[in-house]
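One structure below.
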Ligand SMILES: CC(C)(COP(=O)(O)OP(=O)(O)OC[C@H]1O[C@@H](n2cnc3c(N)ncnc32)[C@H](O)[C@@H]1OP(=O)(O)O)[C@@H](O)C(=O)NCCC(=O)NCCS
């Protein structure tokens, strides 16, 4: 089944729902390009020129995505002046769950002490966080929940082959969190558009360890529990789809790109992000960018890049903000917000 490339009308929630606080957490260990050049046949010059990445964070053994996620959530709750008990649900966005089951949301629930919350995991690869945000907003808008935490957390080093120069240089570990609640009328999420196209599956995937090809000694020996990627195919689709879906967000809501205060693209590669911003005719100062220090943290890139931009004062109440994501699936999505605080 092919994808319909046309986009329909604005998707609106019945109530005004938005992000009311953010948080982040990274492990302490910094691995720079020089350290990586001792592990695989690469160089600082190659990595910086092809990706814009200088360093990334790696967890120590024994640390899972839920550990990072719980700490990011703790910061978001503190910023909002809430207790974990105030949460109705936790949506854990991750491609690297601590284990296949129970869900990572359950582990975050217990680590953060959110005694009233239910929750679940959501995996749409690098699009997970914005798919999670729109899901959480639906729960709040319907009245099913008052406060939902969306936590993007990934330990990419658990699935990146430390001997494969094609992938190990690109990824890092980290977590970001957002609290989703009803906000002042007219603010919050104004529109979103999400897409999937499974024809992209062979270009970015982990072949074994799932139901189709359960783990065996052979699959482990063949490194089939690691990321397999066709970099150029991913690159081409990411630039086109992130730029196009962001343009749709602006056009169908009558927002001039000049009035966009912050563009938060998935942080996969600086060249992809800059190419998408160029297609939107946006100055780079208005693009959230943390790839140099943290690399691609999958579900955590958008909430952490957003959090850092908010800390720098790049956005104030009433400003237009666009999120754009692209990842395995292929999956991609855009979201337009009028900042709520
Ligand atoms: C991966 C990526 C950086 C590669 O950059 P590129 O300019 O497309 O490079 P190419 O794929 O043409 O590879 C060129 C050469 O560099 C080599 N190479 C790959 N990784 C390398 C590394 N870390 N160090 C040195 N050389 C490397 C390749 O083996 C290839 O060598 P060959 O020509 O001898 O076969 C780029 O394609 C990319 O960023 N793609 C998107 C990846 C992504 O974002 N994935 C996550 C999406 S959510």
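Beta carbons within 10 angstrom, averaged per residue: use that to sort the peptides 171-179, 80-88, 261-269, 288-296, highest first.
Descending packing order for the listed peptides: 171-179, 261-269, 288-296, 80-88.
Just to compare against my own numbers: the Cα pair-distance distribution for the range 224-270, 10 Å bins, whole % per bin, please.
Whole-percent P(r) values from 0 Å outward: 20, 42, 25, 11, 3.
With only alpha-carbon atoms in the gyration tensor, what are the semi-axes of the equivalent ellipsoid for the range 112-176, in Å, largest first?
Here the semi-axes work out to 31, 13, 8 Å.
When DSSP beta bridges are limited to those with both residues in the chain, what percentage is antiparallel, rounded to the nearest 5?
70
Kindly put 37, 49, 211 in sequence by how many other C-beta atoms sit within 10 Å of each C-beta, fewest to most. Walk me through the numbers before you get to the answer.
Values: 37 17, 49 11, 211 6.
Ascending Cβ contact count within 10 Å gives the list 211, 49, 37.
Using only the Cα atoms of the chain, what do you get for the radius of gyration and for Dmax, in Å?
Rg, Dmax (Cα atoms, Å): 18.8, 57.
Based on DSSP, what percent of beta bridges with both residues in the range 17-182 are antiparallel, to the nearest 5? Please list the in-between numbers first.
Details: 20 of 31 bridges.
Approximately 65 percent, going by the DSSP bridge assignments.
Determine the shape class of the range 273-341: with a ≥ b ≥ c the square roots of the Cα gyration tensor eigenvalues, call it rounded for a/c under 1.5, and otherwise prolate if a/b is greater than b/c, oblate otherwise.
Details: a/c = 1.42, a/b = 1.31, b/c = 1.08.
Rounded, because the longest to shortest axis ratio a/c is under 1.5.
With a 10 Å Cβ neighbour count serving as the proxy for reagent exposure, in which order, fewest first, do 38, 71 appear? Walk me through the numbers before you get to the answer.
Details: 38 7, 71 21.
Ranked by crowding around the Cβ, least crowded first: 38, 71.
Assuming 0.36 nm per residue, please report the length gained on full extension of the stretch residue 111 to residue 184 beyond their Cα-Cα distance. Working shown, then result.
Values: separation 73, 0.36 × 73 = 26.28 nm, distance 3.12 nm.
Contour length minus the Cα-Cα distance gives 23.2 nm.
Sort 301, 135 so the one with the fewest other Cβ atoms within 10 Å of its own Cβ comes first.
135, 301
Percent antiparallel among DSSP beta bridges with both residues in the range 188-338, to the nearest 5? Spell out each step's value before the answer.
On the way: 18 of 24 bridges.
Around 75 percent of the beta bridges assigned by DSSP in the range 188-338 are antiparallel ones.
Contact order normalised by length for the chain, with contacts defined as Cα pairs under 8 Å and 6 or more residues apart; what percent is it? Kindly include the intermediate steps, with their values, before the conclusion.
On the way: 831 pairs, mean separation 85.1, N = 341.
The normalised contact order for the chain reaches 25 percent.
Consider just the alpha-carbon atoms of the range 137-292 and return their Rg together with their Dmax, both in angstrom.
Here Rg and the maximum Cα pair distance are 18.8, 57 Å.
Can you order the peptides 159-170, 234-245 by their average number of other Cβ atoms within 10 Å per residue, highest first?
Per-residue mean Cβ counts within 10 Å order the peptides as 234-245, 159-170.
Once every Cα of the range 17-182 carries one equal point scatterer and solvent is ignored, give the base-10 log of I(q)/I(0) from the Debye formula at q = 0.12, 0.20 Å⁻¹, two decimals.
Each listed q maps to, in turn, -0.54, -1.16.
With runs of 4+ DSSP H residues as the only contributors, calculate the mean residue ellipticity of the chain at 222 nm using -39,500 (n - 2.57) per run, divided by the residue total and rounded to the nearest 500.
That calculation yields -9000 deg cm²/dmol at 222 nm.
Each reported figure results from applying straightforward, stated rules to the coordinates on display, with no laboratory input. Source: prediction; values computed, not measured. When we count neighbours, we look across all protein chains shown, and the Cβ atoms used for this are built from the backbone with ideal geometry, even at glycine.
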